[in-house]
Amino acid sequence: MANQFDVIILGGGPAGYVAAIRAAQLGLATAVVEKEKLGGVCVNIGCIPTKALLHSAYIARLLKDAKEFGVEVGSVKTDYGVAMKRSRQVSDQNSRGVEFLMKKNKVTVIKGAGLLQPGKKVKVGSDVYEATKGVIVATGSRVKGIPQIGLEINKSTVISSDEALFLEKTPTSLAVIGAGAVGMEFADIFNAFGAKVTLIEALPRILPIEDPEASDTLAKSYKKRGIEVIAGAKVTKANVGKDKVVLDVEAGGARQTVEAAVVLMAAGRAVNTENIGLKECGIQLTDRGFIKVDQRLQTTTPGYYAIGDVAGPPMLAHKGFREGAVVAERLAGHTPHPIRYDNVPSVTYCHPEVASIGLTEEQCKERKLDYVAGKFPFSANGRARGTGETEGLVKILRDKKYGEILGAHIVGAHASEMIHELAVARENEYTVEEIDLAIHAHPTMSEAVAEAALDSLGRAIHM
Ligand code: NAI
């Protein structure tokens, strides 16, 4: 039957398209329902275009300091519009890549907004499609404002990352509310493109989910670059004008106002659970508004699964990738390896980059674990000195008794790449000693990982 599939997936973002590919690889007749471009937030208005813009920001900063490397480039002019257009090309290329993968794997893409119906059915327009094995909900998340204090996204003076990614010009001044991954990355980008940036975070430190040492390193680095960082700050009121916004901010018992041409909301995301027929199918939500799932990612209604952002934190593309693959494998009758949610790397691609896995030092203390922190700063690493990227460090938290890697934190250039050594190590329960056993090439930034491992054993060589 033309309208019958083994698996129907609602949403073609990272979680959904990977579920589709994996299901198709395993011989299941698969359809993806998507109302916009394939690739979701990640490919179109998230991970991919921001990484392109962050690279433009990196080049701008590099050129400004180029003289010190013996390269004279004259005065450096930046043009956000050009960087933005390049980022759009990169994004489009990736979206077309996902389209290609759908074709290659013979996944049917149904264009339109899907509505879940009882009996493992999905309605798109006037057509109803039926899944014999399962329906997977992968509808993702969207940006949100803080309307309670007058900060509703108006797409001109109060924007979200959605609009920031399409600006033709850098705003003269920008207040970023929220110093999670989104806030940190856009503060970095717009500072490099010449905006006066103020970064406001409600919790006591920026990047609050990361290790305190990572937050401190980033706060110092940002301040040095002229980004004003206000942490432990509550925005109590916003006066949104035609060409500027004035924020009332309370921090450390003192009040101040922050004026900016544009406010960028980066205070978290809301999940897309409305108007997709969840209630009609008996699918329940958690107290925090995510779709309630069991260990197998099945919702409260058998035959319906949820993956990616809608299924709960961490709201990260790679967590969605894995959930997509695992659900597809189960629907195909396999028994996949359970997902280790305590081993999902977290990466913020600002400069210097921040990457981590496992517990922070604060969490080790809270859990009263007997641990030792091994550290190695990039200022003592030859490769980092060569490239002038000496900010940051590697920190490995080692369980004293068994040598287990409780957590690892990297701040520095290429941290996003280096973290995977530790991800593989933790996934396979390698000890800190086993990290050192593997010979690390010299000179590389990765040597700092081996040195931090050694430092946790009290025997770092180059420090
Ligand atoms: P987030 O939840 O990671 O960070 C939001 C920050 O805003 C938090 O630190 C929070 O304390 C702060 N905040 C909340 N209300 C505030 C207020 N009224 N005033 C000041 N600060 C306030 O959310 P974000 O950065 O918007 O990202 C959304 C999701 O997307 C996250 O799960 C994030 O991990 C993910 N993401 C991941 C990226 C990556 O992996 N590099 C890049 C961008 C987003």
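Overview of values
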| read-out | value |
| --- | --- |
| His442, His420 arranged by Cβ crowding within 10 Å, fewest neighbours leading | His442, His420 |
| Cβ-derived FRET efficiency at R0 30 Å, Lys51 paired with Thr257, nearest 0.05 | 0.35 |
| The range 69-78 - phi-based ³J(HN,Hα) in whole Hz, Karplus 6.51/-1.76/1.60, Gly and Pro as x | 9, x, 10, 9, 10, x, 7, 9, 10, 10 |
| Prolate/oblate/rounded label for the range 182-333 (Cα gyration tensor, a/c 1.5) | prolate |
| Peptides 221-230, 362-371 ordered by average Cβ neighbours within 10 Å, highest first | 221-230, 362-371 |
| Cβ-isolated cysteines (cut-off 4.7 Å), the chain | Cys281, Cys350, Cys364 |
| The range 1-74: relative contact order in percent, alpha carbon pairs under 8 Å with at least 6 residues between | 26 |
| 222 nm mean residue ellipticity, helices alone, for the chain (DSSP H n ≥ 4; -39,500 (n - 2.57); rounded to 500) | -9500 deg cm²/dmol |
| Order of Leu406, Leu28 - criterion: other Cβ atoms within 10 Å of each residue's Cβ, fewest first | Leu28, Leu406 |
| Built amide H within the under 5 Å cut-off of Glu210, gap 5+ | none |
| Segments 141-148, 276-283 sorted - mean Cβ within 10 Å per residue, highest first | 276-283, 141-148 |
| Simple label model, 7 Å out from Cα along Cβ direction - Thr444 to Gln284, nm | 4.9 |
| Count of lysine pairs in the range 147-267 with Cα separation under 19 Å (8 or more residues apart, or interchain) | 12 |
| Rounded, prolate or oblate (a/c below 1.5 giving rounded, otherwise prolate when a/b exceeds b/c) for the range 352-456 by Cα gyration tensor | prolate |
| For the range 191-249 and the range 292-341, distance of Cα centres in Å | 35 |
| DSSP-defined beta bridges in the chain - what % are antiparallel, rounded to 5 | 60 |
| Estimated inter-spin distance, Val90 and Val76, nm [label 7 Å along Cα→Cβ] | 1.6 |
| Computed label-point distance, nm, for sites Arg459 and Asn154 using a 7 Å Cα→Cβ extension | 6.5 |
| The range 150-187 residues near the modelled Asn239 label - backbone nitrogen below 14 Å, point 7 Å along Cα→Cβ | none |
| Residue order, fewest to most beta carbons within 10 Å, for His409, His334, His414 | His334, His414, His409 |
| Size-normalised alpha-carbon gyration radius of the chain, reference 2.2 N^0.38 Å | 1.03 |
| Euclidean distance of C-alpha centroids, the range 435-463 and the range 88-138, integer Å | 46 |
| Gyration tensor verdict on the range 143-210 (Cα atoms; rounded if a/c is under 1.5, prolate if a/b is larger than b/c, oblate otherwise) | oblate |
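Every number in this text was worked out from the coordinates using simple rules, so none of it is lab data. Keep in mind the model is a prediction, meaning the values are calculated, not measured. Note: ideal-geometry Cβ built from the backbone for every residue, glycine included; neighbour counts use all protein chains shown.
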